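This report concerns only the one structure given below.
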Amino acid sequence: MSIQETKIANDIESYLKEHENKQLLRFITCGSVDDGKSTLIGRLLHDSKMIFEDQLAAIKNDTKKSGTTGEEFDLALLVDGLQSEREQGITIDVAYRYFATDKRKFIIADTPGHEQYTRNMATGASTADLAIILIDARYGIQTQTKRHSFIAKLLGIKHIIVAVNKMDLVDFSETRYNEIVKDYLIFAKELGLTDDITLIPLSALNGDNVVNVSPKSPWYKGDTLMHTLENIEIANDRDLVHFRMPVQYVNRPNLDFRGFCGTVASGIINVGDAVTVLPSGKSSTVKEIITYDANLDYAYAQQAITITLNDEIDISRGDILVKSNEQPDSATALDVNIVWMSEEPLLKGKSYFIKRASTVTTGSIEEFYYKTDVNTLEHQNTSTLNLNEIGHAKLDLEQAIAFDPYENNKAMGSFIIINRITNNTVGAGMIVNKSTTQAKRRAGEYSAFEVEFNALVRKHFPHWEAKEIF
């Protein structure tokens with residue numbers, strides 16, 4: 001019986017309390033097709049004893065008809081649940097799995113390797129703290145390895161583990177491992193991946209250096225994959241300086257209470273702190289910080305709270321609460337990176353809903369700077385973006401929004417693009433910064449009469465496609 005099982009058997013309540021307070025690490029597995037992503041996740045779950053007996057029995061039966069490992073137990077079937085995935089032996093959709101050890105809780109996103117599922121990979125990576133990029137030791141760095149590394153960087157993942165998999169098929173050759181390490185580090189430098197990179201030789205199929213140290217690679221002096229996942233430092237990745245809280249709901253149960261509910265996106269807020277509401281610019285001070293369990297003296301990033309203020313000011317869903325002395329930038333024209341996720345192409349000038357946290361406005365692409373060939377990383381001129389393409393563009397918004405660059409604050413710097421007719425999410429974006437060029441109507445080139453008339457049109461006819469008369 002493991003330590004975890006012993007705790008559960010002896011005192012379930014203390015175990016649950018301890019489990020609740022464990023730090024959560026979200027990570028993705030990515031890389032080229034058949035590099036062993038699903039098998040690696042299966043091995044992590046299996047060797048950390050996170051698979052129930054009935055699951056094991058079901059997978060053993062499925063291995064006979066859908067497995068790709070002959071008579072061996074196919075761990076990949078733990079995450080490849082779709083029938084089409086099992087038939088083809090590939091990952092198509094993003095599969096999420098949850099497990100925990102004595103030190104940490106984990107959420108894994110198993111993402112597809114095929115280029116045609118780039119949007120699925122980007123979806124899984126958008127909330128990840130860490131990426132495990134698998135490389136088949138026989139073939140080294142492939143085009144898809146580079147593509148996934150690029151997307152990981154684009155989506156702001158700060159920690160990379162390069163798992164050189166299938167080392168058993170190259171007899172755990174130290175020379176081959178060192179060749180791959182050298183090639184990847186050269187590529188990472190070209191890409192600008194200068195954050196935390198860890199390289200580990202392993203065999204997901206056999207479990208070498210996954211949870212337990214392998215005797216087959218005595219030349220490797222580093223930690224196992226599990227040890228690295230349990231101990232890698234992620235606390236400093238979150239912005240604990242600049243307080244930002246998008247208002248998700250206004251709680252008004254009676255005449256004596258008005259609370260503003262939301263999840264703290266970044267920073268720390270204390271009772272008594274001066275706060276400003278954006279975009280109105282009205283200010284007050286924090287009266288109470290309320291949670292389900294009790295009132296708090298302070299709250300920090302990722303906590304769900306209700307804030308009450310000492311002054312009656314107008315706040316509604318979509319507004320942003322910030323500390324008065326730490327206000328973000330605001331703009332109507334933004335330089336952004338976009339991952340396009342729709343069969344219908346992204347067109348310049350077409351109006352879409354732009355949703356950032358709980359803030360919704362309308363906007364359109366005014367200019368495409370370039371699109372990136374995700375295979376060669378070359379910049380190409382373009383006038384549109386098609387499914388799974390990634391581009392850099394200027395986004396023009398109907399109204400100014402407060403923002404932080406995505407690399408500094410994911411919650412304040414990310415947005416989704418929604419089709420105004422179908423209400424489908426068709427793209428995801430990351431704010432780089434305020435655009436250096438503004439559209440005519442944003443640059444103050446209208447007369448005072450024109451500005452006032454345009455404001456009246458937007459107020460009384462918000463559904464109009466033509467948002468400006470002049």
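Using the count of nearby Cβ atoms within 10 Å as a rough guide to exposure, how do T127, T382 rank from fewest to most?
Sorted ascending by nearby Cβ count, the order is T127, T382.
What is the gain in length, in nm to one decimal, between N270 and W219 on full extension, counting 0.36 nm per residue of separation less the C-alpha to C-alpha distance?
Contour length minus Cα-Cα distance gives 13.3 nm.
Kindly list the residues of the range 288-327 that lie in the label zone of T127, defined by a backbone N under 19 Å from the point 7 Å along the Cα-to-C-beta vector.
301-305
Figure the gain on full extension for N408 and T194 (residue separation times 0.36 nm, minus the Cα-Cα span) and round it to one decimal in nm.
Taking 0.36 nm per residue and subtracting the Cα distance, the gain is 75.5 nm.
Stretch V33-D102 to full length: gain in nm at 0.36 nm per residue minus the Cα-Cα span?
Fully extending the segment from V33 to D102 adds 21.6 nm.
To make sure I understand, if each residue's beta carbon is the centre and we count other beta carbons within 10 Å, what order do Y98, Y406 fall in, fewest to most?
Y98, Y406
If I take R0 = 35 Å and measure r between the Cβ atoms of E378 and E174 in this structure, what FRET efficiency does the formula 1/(1 + (r/R0)^6) give, to the nearest 0.05?
So the FRET efficiency works out to roughly 0.55.
Within the range 198-300, report the GluC sites (Glu not before Pro) that DSSP leaves as loop and that have at most 11 other Cβ atoms within 10 Å.
E233
With a Förster radius of 25 Å, plug the Cβ-Cβ distance of T285 and L255 into 1/(1 + (r/R0)^6) and report the FRET value to the nearest 0.05.
It comes to 0.70.
Peptides 237-243, 281-287: what's the order by average Cβ count within 10 Å, highest mean first? Numbers along the way, then the final one.
On the way: 237-243: 16.9, 281-287: 14.9.
Taking the mean over residues of other Cβ atoms within 10 Å, the ranking is 237-243, 281-287.
Can you order the peptides 344-353, 39-48 by their average number of other Cβ atoms within 10 Å per residue, highest first?
Order by mean packing, descending: 39-48, 344-353.
Rule-based calculations on the coordinates, nothing more; no lab input. Quick caveat, the model's predicted, so the values are computed rather than measured. Here Cβ is always computed from backbone atoms with ideal geometry, including for glycine, and neighbour counts include all displayed protein chains.
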